[in-house]
Structure formats: structure tokens, C-alpha cells
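Enquirer: The following block contains the structure, expressed as C-alpha cells.
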Amino acid sequence: MSKAKITIGLTNPKSPSNVGSVMRAAGCFQADEVYYTGKRYDIAAKFSTDTRNMSDKILLEGVESLIECADPDARIVCVELVEGATCLPDFKHPENAHYIFGPEDGNISQGIIDQADEVVYLPTVGCLNLAATVNIVLYDRVAKADLSFAGDELIRSSRDVNNRAKVKC
């Protein structure tokens, strides 16, 4: 999979810790932008949890509409536990995607779901938290992609400065 534009939309996220963790996932999995709706995050943002300062590198912006902020060429993919959705293991990620996630204490509105190109769900018993769901979806995208870039060079450039462990040959 070539480098495509990957954006994330968060429906009225409840906690700053979740948004901070989403930003970290966005950085690790090379998403380009994160948008959110609602006022709850703005109120709680002073409790910053973006531990890798990804908001300095990746746009994090409040918007009125998660549909309108999507790139015109992007496929809109809602991630929600709704009847009729595609199970994530069976889902083929579009190259250019705008993923929309629901809040932990609610759901994506029917109006947004009706405008989506795809709706997927994670096959869990019960709901995961927002940040965990974002991590799993973005990991699934990478796991199903061409991983020719992976290897020791990626490990060396990605790991923490305190990690110098190696597998014995």
C-alpha cells in the first residue's frame, strides 16, 4: 500500500487521555490528521496526555462535521458496533481513508453512518475504549498492507533510546 492520506474523525471524544492515545496511534501508524466534534475535549484538553507530542506533527482540529472535513477522494469508513457492518478481519482498507469512530458513551449518528462508504466493527464481546479501537483499526490496516518497509532498520528508527535488545541468531 503506497502512502495515502489517512485521517481520523472522533465523535465527541469523552476524555483527553483517549485523544492523547489516539494522537500517539496516529503518529505510530502514520495517519495525517485527526478531527473531532463536540465540546468535551476542548474543556478537558488542558490535561494533556499526548506523550509523544504528536499534535506538533499531526493536525488535531475541532470541526462541526466529520463528513465535511474528509478529503473529497477519501472513502468514509465508520467504525461502530452496528447491525449490518463488516467484521474488521474481512474488511479491505481503502488506500485513501477517513475513519470515523464513535464515543465510548454513545455512538456515531445514523446520519453519518448513512453517508459512509463502509461501516466496520471489531468482533469483541462488549465495547472497547476509543483509543484501543483506533489502535486496532490502524494496526489492521498496516497488517494487511505491503510490509516491504519493515525490518531491522524500521525497528532501529522506531524504538525508544533505552531499548537496544536483539534476538540472538
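Enquirer: Please state the charge dipole magnitude for the chain, taken about the Cα centre, from unit charges on C-beta atoms (+1 on K and R, -1 on D and E), reported in debye and rounded to the nearest 20.
Expert: That gives a dipole near 980 debye.
Enquirer: How far is it, in nm, from the label point at Lys144 to the one at Asn129 when both lie 7 Å from their Cα along the line to the Cβ?
Expert: Computed distance between label sites Lys144 and Asn129 equals 2.6 nm.
Enquirer: List the extent of the Cα atoms of region 64-111 along each of their three principal axes, largest first, rounded to whole Å.
Expert: 30, 27, 16
Enquirer: I've got another one for you. So what's the angle, to the nearest 10 degrees on a 0 to 90 scale, between helix 16-28 and the longest Cα principal axis of the chain?
Expert: 50 degrees
Enquirer: Taking the chain as a Gaussian network, Cα atoms linked when under 10 Å apart, which of Leu60, Leu154, Leu122 shows the biggest mean-square fluctuation?
Expert: In this elastic network of the chain, the residue with the biggest mean-square fluctuation among Leu60, Leu154, Leu122 is Leu154.
Enquirer: Report, to the nearest 10°, how far helix 130-143 tilts away from the longest principal axis of the Cα atoms in the chain, using its own Cα long axis and a range of 0 to 90°.
Expert: 60 degrees
Enquirer: Can you tally the net charge around Asp71? Count Lys and Arg as +1, Asp and Glu as -1, for every other residue whose Cβ sits under 10 Å from the Cβ of Asp71.
Expert: Spelling it out: positives minus negatives among the neighbours equals -1.
Enquirer: Compute log10 of I(q)/I(0) for the chain with the Debye formula, placing one identical point scatterer on every Cα and leaving out solvent, at q = 0.09, 0.20 Å⁻¹, to two decimals.
Expert: Listed by q, the Debye log ratios stand at -0.31, -1.41.
Enquirer: Between Lys5 and Lys39, what is 0.36 nm times their sequence separation minus the Cα-Cα distance? Round to one decimal in nm.
Expert: Stretched fully, the Lys5-Lys39 segment lengthens by 9.6 nm.
Enquirer: Between Gln115 and Asp32, how high is the FRET efficiency from 1/(1 + (r/R0)^6) when r is the Cβ-Cβ distance and R₀ = 22 Å? Nearest 0.05.
Expert: That pair, Gln115 with Asp32, gives E of 0.60.
Enquirer: Counting only DSSP beta bridges with both residues in the chain, tell me the antiparallel percent, nearest 5.
Expert: 0 percent
Enquirer: In addition: Of Ile112, Leu130, Asn163, which is farthest on the positive side of the dipole of the chain, counting Cα position, with +1 on Lys and Arg Cβ, -1 on Asp and Glu Cβ, and the Cα centre as origin?
Expert: Of the listed residues, the answer is Asn163.
Enquirer: Tell me, what is the percent relative contact order of the chain, built from C-alpha pairs under 8 Å that lie six or more residues apart?
Expert: Here the relative contact order equals 26 percent.
Read-outs throughout are calculated quantities, based only on the coordinates presented, and are distinct from any laboratory measurement. Model, not experiment: these values are computed from the prediction. Cβ sites come from the backbone with ideal geometry, for glycine too, and all protein chains shown count toward neighbours.
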